[in-house]
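Visitor: Okay, here's the structure, questions in a sec.
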Amino acid sequence: MFEDFRLKAFMAVANEGSFTRAAKILGVSQPAVSQNIAEIEKGIGVRLFDRIKGEISLTDTGKSFLQYAENILYWYKAADSMFGKNGKMTVSRPIMIAADSFMASYILPSALRSLMSSWENVKSGFPSFIINAYGKSKEVEPDLKLFVKHRNEGIDWDGVSSLIGVIPASVIVSSSNKKADSSVWQSAFSGLGDIPADGKLAVWTPYEQFLSLDITAMTVLQSDSIESILSLVGDSSDFIGVVPYASGKTCPGTRILPVPLPHLQFDVHFQPSTRFAGTGICSLLHQSVSDSLA
């Protein structure tokens, strides 16, 4: 079992606001809890709790330390899930991920880099992955489905448990584009209401059905390929692109205009198979993907 009882004692006192109640929850004596807290405070050289007239509260430093403690305990739990006596993870076969093109190109790479960095001190080999196109027919059920979906008919209650984040849309232009002056743009239902009359729009295909008819009429290019839109806009002083924010912010030579596009927001779904959901690597990958969406 991977754990640090001192951190568990700290979390219990922070949550309960009492050494006595924390001791009862942990099944130890109150002096034992006090000793563990004192060891942490001595080790880091700061006071974590204020003790005033029998009331216990976190200091400002204690509140900051709380976030670190939560993260450390999370990784302990994940490590135990993978390598403890009850661990379910194996590295005997690749982990199969079915991801749509956006997630595979703009979210998964950073998530896997983050996952690899957390593996640096682990002696066992890093797991391998196979990433296939989401929706492509396969005889073997993937371990994980990772995709974006527009919430166009309200919340899909069947998919709430798999919802992990959102991807906002962005309007990008080349740094050399003088027509798209952000100071004259105003909010409209489409978010593109004040686009220059001679503007040329390049739009990611999944957005097209949610644009107003007048904006659609100004669309010169619709493409499933975000890369082609980024390249076109980056090399042009006329084109205006509408792409997911996570891709737009990575394109050199372009800038993002402050245009609100709430109706083009897409949900990100993380759907592990029943077998994969109970593994430590699934938990770590979920955290890494979530962090990459921030």
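The values are calculated or read from the model by the stated rules, or taken from the named source; none is laboratory data. What you see is a predicted model, and the numbers here were worked out from it, not measured in a lab. Every residue, glycine among them, receives a Cβ derived from its backbone with ideal geometry; neighbour counts consider all protein chains shown.
Visitor: Checking the structure you have, find out if any residue of segment 99-112 is in a strand (DSSP E or B), within 30 Å of residue 72 (Cα to Cα), touching a Phe, Trp or Tyr at 6+ places or on another chain (Cβ under 8 Å) and modelled with pLDDT of 90 or more.
Guide: yes
Visitor: Suppose we filter segment 46-68 for residues that are under 16 Å from residue 34 (Cβ atoms) and aromatic (Phe, Trp, Tyr); how many remain?
Guide: Going through segment 46-68 one residue at a time, the tally reaches 1.
Visitor: Does any residue in segment 201-213 that is over 13 Å from residue 102 (Cα atoms) come within less than 7 Å, Cβ to Cβ, of a residue that is in a helix (DSSP H, G or I) and of a type outside the set (A, V, I, L, M) six or more places away or on a different chain, and which pairs are these?
Guide: What qualifies is 208/216; 210/263.
Visitor: Now a separate question. Being out of contact with any strand residue (DSSP E or B) (no Cβ under 8 Å at 6 or more places or on another chain) and in a helix (DSSP H, G or I) is the filter here; which residues of segment 42-64 pass it?
Guide: Matches in segment 42-64: 42, 43, 44, 60, 61, 63, 64.
Visitor: (1) assigned to a helix (DSSP H, G or I); (2) modelled with pLDDT of 85 or more; (3) over 20 Å from the mean Cα position of the chain (by Cα): which one isn't true of residue 142, the others all being true?
Guide: (1)
Visitor: While we're looking at this one, here's another question. Picking from 73, 66, 7, which residue would you name as being under 28 Å from the mean Cα position of the chain (by Cα) and at pLDDT below 85?
Guide: Exactly one of 73, 66, 7 is under 28 Å from the mean Cα position of the chain (by Cα) and at pLDDT below 85, namely 73.
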